[in-house]
Every structure is written in structure tokens, then in C-alpha cells.
Amino acid sequence: MLTDSFARVHDYLRIAITDRCNFRCTYCMPEDGISLGPNAKLLSFSEIETLARLFVQHGVRKIRITGGEPLVRPEVEQLFEMLGAIKGVEELGISTNGALLTAHLPSLLANRVHHLNISLDTLRPDRFRSITGRDEFEAVNKAIRSAVEYRVDGSSFASVKVNMVVMRGTNDDEVLDFVRFGEELAALAHGGPAMEIRFIEFMPFPGNEWNAEQSIPWRELLSNIEQEFSLRPVRSPNAKSSTAKSFEVQSLRTQEPLNFRIGFITTVSEHFCAECSRLRLTADGEFRACLFGQDGVNLRDMLRRGETPDAMATAITRVLKDKWPEHPPVHELAFLNNREMISIGG
């Protein structure tokens, strides 16, 4: 097992497969973009598979494919197949902005990538362009609905989560609209994927012009939602390692369950570091034990030097043993010499 100095067991690996993206979301990418290295610096599919198998051998059971935008990587279906064939992986997921998702739904479902997290920060096409720099609202909206309704021989995706980064003065007036959107999607699901709308606190990263006033504490959002909906706290089977505070949603008027959940990712106002089970591998091969961590090791370089699996496992263990008990306070996070969000992976 991959255990740190505070007895936290880490069984969840997030693998960024590219630092490229077809969107320019203001909270993720600096206005002037980032310096992109040559493709040769990215982990190859074979290297990703090798490292994934190494982590699985040491206790990882859940893998999520991230980016950048993972679906911009050419021939990505090959990677779905390679990761889907790894024995010991109990859950495979992908985080995507959804613009290219519809065409990939068959390959994802066929290769056990059954958990979809789709970013959508507004339900208004004009505001969508302002946040993302692209006119792709209709494509994303279609992809979400298609994913919820998608069936092959009676099989569907296990879960579809819509992630909204909430920013005061930008899109916070749409929070209730997103809960209603979740109700609409749950009706489309017809007993298929588990539906969840997730509200994510705006986090500080280099170049995203974060300020404390824009980041809305989750309890404020909760209070606003409870004006229209009845919420019941729930604990998932993986509650000990869950990052989200989740609630089942009911109609305040009828008290009838609406068959979906909302969740809050509370990194800024109420960290969940004590339960963290997540590890990260960047597109260029840097292993990180924390999203905000400053120390890591480049496993790509170790692979290309021909170092043994045991040597890489030792390096992973060393980084993990140095993992913070919790990340610094938010006012310090804003000044860390960190990488941009897009270059770390979502």
C-alpha cells in the first residue's frame, strides 16, 4: 500500500495525459497561455501504461484520466483500451470539458471508463464564451445529455458529474439554475448513471488572478440552495476518501427525492487533507502527492534512463512520506511557486 507519514492510504491516481487544451478557461489557464514543451516531453501511451501498472501493483485501485483536455490527444482511444485492460483497477474515469466527448462515448464505455466528470461553469452561451474563450456551449450541453442517456445493450455509464467552478460576480447567480439542471438530467438518466452537480470553490494558481472575494465558501452556497431545495447529507461508500461533501436533493415543496446529488469541493474554505487518498502524475511525468505540493519526482526521466520498477517505487514512497499533513492556508497558496493548474492536471 502507498501510505504517507500520517497513515493516509493512497489508492487513487490522477493521470494527466496532455497539457494542451481547446479551451482557455480563466480559472485554469493564464491569460497569455503557458509555455508548451515538445510532444516528446509528454509521457507516451506505453509509458503511461507502465506507470499505471506500477501504481496498481502498489495499491492504486482508481484511475482518472485528466489533462489539459485529454480528448485532444491524438488516438486517445488506444490509451482507453490499454488502461481498461489493467487488472486490479476497480474504477476508471475521465475529466473533460465535454466539447469532444460525444464522439468518444462508445470507446469510453467499451473500455471500462465508466465515470465521467464534465466541466460546465455556466448555462448561458454568451457567458460560456467569456469564461472559456470558445463558442462550444451547445457541444458541451449536447455531450452531457448524450452521456446521461447513452446505452449499449442496456449498459450505461456508472456516473456523470457536472463540475462548476463558482466565482463571485462571474457565475454565482447560476447556482440554483445548476441544481435545476441536475434535476433535468436525472429525469433523462432513467435509472442509468448516478447524477451529481458539483460546486467547486475557486482555487489560487499562478496566472488565474485569484482573489479571496471571488471564492465563495461552500456553506454560503449551501444556504442559498436550501432556499429552494431540501438537502440531506449522504456518505458514499468511499466517504472516508471523498473530496466532496454530498447531499441528496429533494423538492422543498413536495419532499419528493429528485434522484440526484449535489456536492461541494471545499479546498479553500474547509480543506479535506486528512482524508486525502489522491496521487497525481503530470503529462510530462512528474509524480506529485498533493495538488499544491512543491516536491516531486519525474518518473518519465527514470523510465527513460532504464531505472527499475523497484527504484521508481522507492522514489514514489520517498515523495509520499514527505507529503504535508495539510496544504498551507489559502492566503499562502496564492503565493506558492506552483505550476499552473493546466500543467499539473485537473
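Filter segment 262-279 down to the residues that are at pLDDT below 95, under 17 Å from the mean Cα position of the chain (by Cα) and within 21 Å of Ser119 (Cβ to Cβ) and list them by number.
Scanning segment 262-279 gives Ile265, Thr266, Thr267, Val268, Phe272, Arg278.
When segment 158-207 is examined, which residues are found to be under 25 Å from Gly293 (Cβ atoms), under 14 Å from the mean Cα position of the chain (by Cα) and of a type in the set (A, V, I, L, M)?
Correct list: Val165, Ile200, Met203.
Filter segment 268-292 for residues that are of a type in the set (Gly, Ala, Ser), within 20 Å of Asp11 (Cβ to Cβ) and crowded, with 19+ Cβ neighbours inside 10 Å and give the result.
Ser277, Ala289
Tell me the residue from Gly93, Gly98 that is on the phi > 0 side of the Ramachandran plot and crowded, with 19+ Cβ neighbours inside 10 Å, please.
Gly98
Those residues that are within 13 Å of Leu51 (Cα to Cα) and touching a Cys at 6+ places or on another chain (Cβ under 9 Å), I need them from segment 280-319; list them, please.
Selection gives Arg280 alone.
So which strands (runs of 3 or more DSSP E) stay within segment 219-304 end to end and still have 3 or more residues that are out of contact with any helix residue (DSSP H, G or I) (no Cβ under 6 Å at 6 or more places or on another chain)?
Because the criterion is at least 3 residues that are out of contact with any helix residue (DSSP H, G or I) (no Cβ under 6 Å at 6 or more places or on another chain), the strands (runs of 3 or more DSSP E) in segment 219-304 that meet it are 229-234, 244-251, 257-265, 278-281.
This table checks each residue for (1) of a type in the set (Lys, Arg); (2) part of a helix (DSSP H, G or I); (3) at pLDDT 95 or above; (4) within 28 Å of Lys323 (Cα to Cα).
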position: Pro30; (1), (2), (3), (4): no, no, no, yes
position: Thr50; (1), (2), (3), (4): no, yes, yes, yes
position: Arg53; (1), (2), (3), (4): yes, yes, yes, yes
position: Ala103; (1), (2), (3), (4): no, yes, yes, no
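Before we move on, is Ile265 more than 15 Å from Arg14 (Cα to Cα) and surrounded by 15 or more Cβ atoms within 10 Å (Cβ to Cβ)?
When the stated conditions are applied, Ile265 passes them.
The values are calculated or read from the model by the stated rules, or taken from the named source; none is laboratory data. Quick caveat, the model's predicted, so the values are computed rather than measured. Cβ coordinates were reconstructed from backbone atoms using ideal geometry, including for glycine residues, and neighbour counts include every protein chain displayed.
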